[in-house]
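Heads up, the thing below is written out as structure tokens.
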Amino acid sequence: MCGRYASTKDPALLAAEFDAVDGTGDEAPGADYNIAPTKHVMAVVERKPADDESGEAEVERSVRVMRWGLVPHWAKDLSGAAKMINARAETILTKPAFKQSVTKRRCIIPAAGWYEWKAAEGRKQPYFMTLGDDTSLAMAGIWSVWWKDDVPTVTCAVITMDSLGALTDVHNRMPLLLPQDRWSAWLDPTALDPSELLTPDESIIEALELRPVSTAVGSVKNNDPSLLERVDLS
């Protein structure tokens, strides 16, 4: 599961890193070291520009703002969003809430890293999983648009899978992390069968740092760079 993560770069930096344009406008959230469900986040998509009236424009890769917690277009309201922050890779192609998005609306959700809690001696110790070198993790995601009174709400979810390697000692689930050579295939809106891409890349997993961090991250009221700093467990 991925229930908290951090995103520390502004949209211009993310656009450069993911070879995209900044489509966030005035909506871009600032650096967030403790992203919780239903917060607004940044995601990378490939779509035709919204102002393309001719229908002849090329597909464009852009950084957009979305609300974390997928709401299918047929939902009655937004109340279930907090329970839909993750979508399991094993069932995403068949679950009614996810199957349309995974075939037609895939995205990348950039992250500096994500948090998980490990049970240890009667307490839970948070860990921050990161590459540790200022390279963003590309978490595979899906998105959807929910409408009310002609006003759209764009929402997203992180795809998760069984943990591998050292991560299994912290938590049994992890985000599906995409290497750079899969970005184009994952984002391609014309590719309707992503099943071959729903597999882990072990080189990324092996490169992850599993960093113990302060228990302060457990409260969404705490949100500053100190949450990412390693703590001494001894």
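Quick note: the coordinates plus some simple rules give every number you see, no bench work behind them. It should be emphasised that the depicted structure is a prediction, and the values quoted were computed from it without experimental measurement. Reconstructed Cβ throughout: ideal geometry from the backbone, glycine too, with neighbour counts over all protein chains shown.
Of note:
- Among the GluC sites (Glu not before Pro) in segment 126-234, those placed in a DSSP loop whose Cβ has at most 13 other Cβ atoms within 10 Å are Glu229.
- Counting neighbouring beta carbons within 10 Å and listing from fewest to most, the residues Lys124, Lys9 come out as Lys124, Lys9.
- Exposure proxy ranking, count of Cβ atoms within 10 Å, fewest first, for Ser62, Ser101: Ser62, Ser101
- Length gained on full extension, Val220 to Val151: 22.0 nm, using 0.36 nm per residue less the C-alpha separation.
- Residue (of Ala138, Ala20, Tyr33) at the positive-pole extreme of the chain, dipole from beta-carbon charges: Tyr33
- Label corresponding to log10 I(q)/I(0) by the Debye sum over Cα atoms at q = 0.08, 0.15, 0.18 Å⁻¹ when calculated from the structure given, among (1) -0.30, -1.11, -1.58; (2) -0.28, -1.02, -1.48; (3) -0.56, -1.04, -1.26: (2)
- Positive-pole candidate from Leu192, Gly218, Ile205, dipole of segment 4-228, charges at beta carbon: Gly218
- Each of Asp32, Asp232 was scored by other Cβ atoms within 10 Å of its Cβ. Arranged with the fewest first, they read Asp232, Asp32.
- When the listed pairs Lys9/Lys148; Lys124/Lys221; Lys39/Lys118 are checked against a 21 Å cut-off, the alpha-carbon distance exceeds it for Lys9/Lys148; Lys39/Lys118.
- Table column - 3J(HN,Hα) (Hz), segment 165-180, Karplus curve with 6.51, -1.76, 1.60, x for Gly and Pro: x, 5, 5, 5, 7, 9, 7, 8, 10, 8, x, 6, 9, 9, x, 4
- Under a Gaussian network description of the chain, with springs only between Cα atoms under 10 Å, the residue in Gly122, Gly132, Gly23 that fluctuates furthest is Gly122.
- Nearest-20 debye value, segment 4-228 charge dipole, Cβ charges on Lys, Arg, Asp, Glu: 1220
- A Gaussian network model of the chain, with springs between Cα atoms under 10 Å, assigns the largest mean-square fluctuation among Lys148, Lys118, Lys95 to Lys148.
- Formal net charge of residues neighbouring Phe128 (Cβ-Cβ distance under 12 Å; K, R +1; D, E -1): +1
- Rounded FRET efficiency, nearest 0.05, which uses the C-beta distance separating Asp188 from Val231 and R0 of 41 Å: 0.50
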